[in-house]
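Student: Once you've had a glance at the structure underneath, I'll fire off some questions.
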Amino acid sequence: MKLYSKPLLICFIFLAFNTLLSAQKDFTKADSLKGGLSKERTWWDLKYYHLETKVNPEKKFISGSNTVQYKVLEPYQVMQIDLQKPMQIDSIVQNEKQLDFNTSFNAHFIQLKEQQITGAINELTIYYSGNPREAKNAPWDGGFTWAKDDNGQHFIATANQGIGASVWWPCKEHPADEPDSMLISVNVPKPLIDVSNGRLRNVEEHENSRTYHWFVSNPINNYGVNLNIGDYVNFTETYKGEKGILDCSYWVLSYNLEKAKKQFQEVPRMLKAFEYWFGPYPFYEDSYKLVEAPYLGMEHQSSVTYGNEFKNGYRGRDLSQTGWGLKFDFIIIHESGHEWFANNITNSDVADMWIHEGFTHYSENLFLDYHYDSLAANAYVQGVRSSIQNDRPIIGEYGLSYEGSGDMYYKGANMLHLIRQLFDNDEKWRQTLRGLNEEFYHQTVTTKEVENYISKAYGQPLNKVFDQYLRTTQIPTLTYRILGNQLLYKWENTVDGFNMPIRVFINGEAEWLKPNSKTFKALPNLPENADILVDPNFYVADFNLTE
C-alpha cells in the first residue's frame, strides 16, 4: 500500500509541519476558565440538576432556573458556574438568601454566604434568561435552532457539543464532573411537544402551555442535555436485549410518521450489533429515544436526534466511497454508537474527544462486520482514509477546552482497526471493547486510562502506537528492500522507539514482521521473485527501496 513516494513523503512532512504551526490557536483567559479545573470547580462534586426552562418561540427567548445540588469535598466559599452571553444570570439563591457573583468572560463566580462544610450536601438555584445564541449550522456551530416545519409549526432544538451547554443554560461547564441524575422541565406553548432526555414523568397542563418533566436517572454530560420542540407524534417498540427489555421510543413530525416507521427499523439492528461488540446498552433505566430534529443529528443521551432525511448513508452519500456506507443509516448508527462512547464513557477533558469520535466512527465498521462480514468492514474503514487530513494531532490542548484535529473520526477509527489486527484474535478484541464499557461504566476517563486498559488486554505496551497516531501527524512508513534471498525492513517517519509488528503477505502467505525504527532487520529464505504486500488493514505507508 503505497500512500506516496519518498520525495512526496518529505514534502508531506514539511507541509504538515507548517500546517500544524499555522493552525495553532492563541489561547486566552476565557479558554482556561472554560477548560481548566480551577479551585472554584474542584472543591465541590456535582450531584443533581433540576433544569427548568420556559420557551417563547415567537420572541426566541427562554427563561428559567437551574437548581444545583452538590457535595462539599473541601471547604471553600467561591463556586464557578458558566453561562455564555447573551444569556444572563438574573439572580442566585441559597437557603432563601440572595448571593452575589462577579463575572469574567463566561464564568460567574458565586460568593457563598453559608460556611461550606466537608461532606455536606447543599444546593442553590440560579435564575437565568435571554435570547440564546442561534446555531448557524447545527450541530457543528451550536446553539438554538429556531425553525418551522412544512406545516408552518415551530420546530426547535438545541445542539451544543463544541460550544458547550452554557450557551443556553447555567451549569458546571467541564466534562470531568457530571450530575448523578437530572430533572428537565420544559414549558412550551400548546400544541407543541417537548422531548428531552430520560423518561417522561408527567405533563402539566396550563391554560395556553404545557410543561414536560423528563427525568434522567443516570449520570449525563452537559452537552448531552437537549430540548426538542415540535409537532411530534410518537410510536414505540421494545427490544429484548442483554439487560432485559429496553423501551425504544420514536418522536417524529406528524407528516413523517410512515417514513420513520420504515427507516427506524435500523434501530434493533444497531442494538443487536453494538450490544454484541460493546456490551449492554448503557441506559436501560432511561430508555432509548430517536427524535427528529431540524439539523443532521447528535448524540444526546437517551434522546438521540435525527435529521438524515430518512435515507441510508450520510444524507444519501457513502463516506467511504465503497458502497458499504449505503448499507446503513449513518445518523442512526453513528449517533447511537455514542451512547457507549461519549455518554457511557466520557472524556474528562475536551482534548481527549477522540475517545468519543474515534470509537464511534469505528462502531460503523463493527456494525458492518456484524451484519455482513469482515471484508465489508475492512473496505469501509480503508475507504474513509481519503478524508484523513493529518493537519494536526488528534489530541488537543489540555485545560483549555480545545479539541484535536477532526482526524479523530477517520484516523481514530483506523488506529483502532489497526490495533484489532495486532490483537489477531477477534474474540479477545471484542471482550476488550466490552471490558472498556464495563470498567469505565458511567465514568469520565482520560486517554491514558484507555491506553493502559487496551495495552493490558493486549499483553504488551501499546503506548508508542498511541503516541504515533494520536500525538503526531506522521504516517509510519515501512521501508524495505530485497537483497538476495533476504527481506530487509525497518520503520521510518515514526516516534522514537516505535516497534509495532505488522502483517505482510509474501506471495499471498501471511507473515508477521517486527521492525524497529533504528536498524534494518532481515527475514531470511525469501522466495525468488517474491511479491510483497503490506496488509492494507494497517494505516501505514510502505516504500520499496528495491524498485
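Student: Any idea of the accessible area per residue across region 80-139, 1.4 Å probe, to the nearest Å²? Before the final figure, lay out each step's value.
Tutor: Values: 3180 Å² over 60 residues.
Here the residues of region 80-139 average 53 Å² of exposed surface.
Student: Averaging sequence separations of C-alpha pairs under 8 Å and six or more residues apart, then dividing by the length of region 159-291, give the relative contact order as a whole percent.
Tutor: Values: 226 pairs, mean separation 30.6, N = 133.
Dividing the mean separation by the residue count of region 159-291 yields 23 percent.
Student: Within region 438-547, which trypsin sites (Lys or Arg not before Pro) sit in a loop by DSSP and count at most 15 neighbouring Cβ atoms inside 10 Å?
Tutor: Numbers: sites: 448, 456, 464, 471, 481, 490, 503, 518, 521; in loops: 518.
Answer by residue number: 518.
Student: Using the beta-carbon distance between residue 317 and residue 56 and R0 = 41 Å, what value does 1/(1 + (r/R0)^6) give for FRET efficiency, to the nearest 0.05? Before the final figure, lay out each step's value.
Tutor: On the way: r = 37 Å, r/R0 = 0.91.
About 0.65, to the nearest 0.05.
Student: Determine, from the Cβ-Cβ distance of residue 510 and residue 442 and an R0 of 25 Å, the FRET efficiency 1/(1 + (r/R0)^6), rounded to the nearest 0.05.
Tutor: Once the sixth-power term is evaluated, E becomes 0.05.
Student: When the distances between all Cα atoms of region 403-468 are binned every 10 Å from zero, what whole-number percent does each bin get?
Tutor: Calculated P(r), rounded to whole percents: 19, 55, 26, 1.
Student: Now, a different point. How about region 186-270: which GluC sites (Glu not before Pro) there lie in a loop by DSSP and see at most 14 other Cβ atoms within 10 Å?
Tutor: Passing sites in region 186-270 are 207, 242.
Student: Right, here's the next one. Using a 1.4 angstrom probe, figure out how much accessible area region 400-547 has per residue, in square angstrom, rounded to the nearest whole.
Tutor: In whole numbers, region 400-547 has 43 Å² accessible per residue.
Student: Can you find, among 203, 356, 112, the residue sitting farthest towards the positive end of the charge dipole of the chain, where Lys and Arg contribute +1 and Asp and Glu -1 at Cβ?
Tutor: Comparing the listed Cα positions along the dipole, 356 ranks first.
Student: Let me ask something else. Looking at region 77-221, what % of the alpha carbon pairs are farther apart than 18 Å?
Tutor: Taking all Cα-Cα pairs of region 77-221, the fraction more than 18 Å apart is 66 percent.
Student: So what is the relative contact order for the chain, in percent, with contacts set as C-alpha pairs under 8 Å and at least six apart?
Tutor: It rounds to 11 percent for the chain.
Student: Along its three principal axes, how long is region 30-131 when you only count alpha carbons? Whole Å, largest extent first please.
Tutor: That works out to 46, 31, 22 Å along the principal axes.
Student: Counting residues in the chain as N, plug N into 2.2 N^0.38 Å and put the Cα Rg over that result. Intermediate values should be presented prior to the final figure.
Tutor: On the way: Rg = 25.3 Å, N = 547, 2.2 N^0.38 = 24.1 Å.
Here the Cα radius of gyration is 1.05 times the empirical estimate.
Student: Once the other residues with Cβ under 13 Å from the Cβ of residue 275 are scored (Lys, Arg +1; Asp, Glu -1), what is the net sum?
Tutor: +3
Student: Something else about it: If I model a spin label as a point 7 Å beyond the Cα along the Cα-Cβ vector, how far apart are those points for residue 26 and residue 371 in nm?
Tutor: 4.9 nm
Student: Using amide H atoms built in the peptide plane, which far-off residues or other-chain residues are under 5 Å from residue 181 H to H?
Tutor: 49
Student: Express the C-alpha Rg of region 309-349 as a ratio against the empirical globular expectation 2.2 N^0.38 Å, rounded to two decimals.
Tutor: Numbers: Rg = 12.5 Å, N = 41, 2.2 N^0.38 = 9.0 Å.
Here the answer is 1.38, to two decimals.
Student: Measure off 7 Å from each Cα along the Cα-to-Cβ vector at residue 485 and residue 90, then give the distance between these two points in nanometres to one decimal.
Tutor: In this crude spin-label approximation the distance works out to 8.7 nm.
Student: Additional query: Roughly how many percent of the accessible protein surface of region 49-208 is carbon and sulfur, given a 1.4 Å probe and a whole-percent answer?
Tutor: 46 percent
Student: Could you work out the helix-only [θ] at 222 nm for the chain, with each DSSP H run of four or more residues adding -39,500 (n - 2.57) and the total divided by the number of residues, to the nearest 500 deg cm²/dmol? Intermediate values should be presented prior to the final figure.
Tutor: Details: 12 runs with 134 residues, N = 547.
Only helices count here, giving -7500 deg cm²/dmol.
Student: Would you work out what percent of the accessible area of region 335-387, with all protein chains in place, is carbon or sulfur (probe 1.4 Å)?
Tutor: That share works out to 47 percent.
Student: Shifting gears a bit: Hey, if you put +1 on the Cβ of every Lys and Arg and -1 on every Asp and Glu Cβ in the chain, which of 305, 517, 246 ends up farthest toward the positive end of that dipole?
Tutor: Value: 517.
Student: Looking only at Cα atoms, what is the convex hull volume of region 350-453 per residue, in Å³?
Tutor: On the way: hull volume 10.4 nm³, N = 104.
Given the Cα convex hull of region 350-453, per-residue volume reads 100 Å³.
Student: Still on this structure, I have one more. In Å, what is the Rg of the alpha-carbon atoms in region 185-325, and how long is Dmax?
Tutor: Final numbers for Rg and Dmax: 15.8, 55 Å.
Student: Could you look at region 390-461 and say what percent of its accessible area is carbon and sulfur, using a 1.4 Å probe and all protein chains?
Tutor: Here it works out to 43 percent.
Student: Now, a different point. For helix 354-371, what angle does its Cα long axis make with the longest principal axis of the chain, in degrees from 0 to 90 and rounded to 10?
Tutor: Roughly 70 degrees, rounded to the nearest 10.
The values are calculated or read from the model by the stated rules, or taken from the named source; none is laboratory data. Since the model is a prediction, treat every value here as computed from it, not as a measurement. So basically every Cβ, Gly included, is an ideal-geometry build from the backbone, and we count neighbours across all protein chains shown. Areas reflect the complete protein model, heavy atoms only, side chains present, ligands, DNA and RNA absent. Shrake-Rupley method; radii C 1.70, N 1.55, O 1.52, S 1.80 Å.
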